[in-house]
1. Please give the number of the condition residue 75 fails out of (1) at pLDDT below 85; (2) part of a helix (DSSP H, G or I); (3) open to solvent by less than 50 Å² (accessible area, probe 1.4 Å).
2. Can you report the number of residues in region 78-113 which are at pLDDT 85 or above, touching a helix residue (DSSP H, G or I) at 6+ places or on another chain (Cβ under 7 Å) and in a loop (DSSP other than H, G, I, E, B)?
3. Residue under question is residue 41, and the condition is that it be surrounded by 18 or more Cβ atoms within 10 Å (Cβ to Cβ) and either among the aromatic types (Phe, Trp, Tyr) or within 9 Å of the chain's Cα centre (by Cα) (or both); does it hold?
4. Looking at the structure I just gave you, is residue 5 surrounded by fewer than 16 Cβ atoms within 10 Å (Cβ to Cβ) and in contact (Cβ under 8 Å) with a residue 12 or more places away in the chain?
Amino acid sequence: KSIADDLADNFDLKVSLSVDDIPDDTPRVLIAVIYRGVRELAHNAAKHANARNVQIRLRCTPMFVYASVEDDGERQKHELAESDFGFGLRTLKEQLELLGGMFSISGKERPQGLKAEFALPLRSPQNN
């Protein structure tokens, strides 16, 4: 079952997907982190921000996978502070950093909605 199907079944949410193929030889642990990360970000948009629309983008290069989840939900400025991250976001950030990746959330310039992004190297000593 896809993330989009799960969101449609459980929330009144329109999901837009743009997904590149992930190389066949990508380690399973990376695929799991990518999937769980995108799922966590999309679920947060639906559950905590009352988003109506979510855009999920997954782009691959020979060295990195880039993921972004952008929503139109309600938010307050304090939600951008790392100290306010819940368990799911803290865990995602830690997993990405352990695998040599990066995580960010932006939205200060917008009246509503957030954009969360992460990058994860496809090849590194930690994930081969």
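The values are calculated or read from the model by the stated rules, or taken from the named source; none is laboratory data. Source: prediction; values computed, not measured. As a convention, Cβ positions derive from the backbone with ideal geometry for all residues, glycine included, and neighbour counts pool all protein chains shown. Note: areas computed on protein heavy atoms with side chains; ligands, DNA, RNA excluded. Shrake-Rupley method; radii C 1.70, N 1.55, O 1.52, S 1.80 Å.
1. Result: residue 75 fails condition (2) only.
2. Here the count works out to 2.
3. Yes, satisfied.
4. Values: surrounded by fewer than 16 Cβ atoms within 10 Å (Cβ to Cβ): yes; in contact (Cβ under 8 Å) with a residue 12 or more places away in the chain: no.
Here the answer is no, as residue 5 does not meet what is asked.
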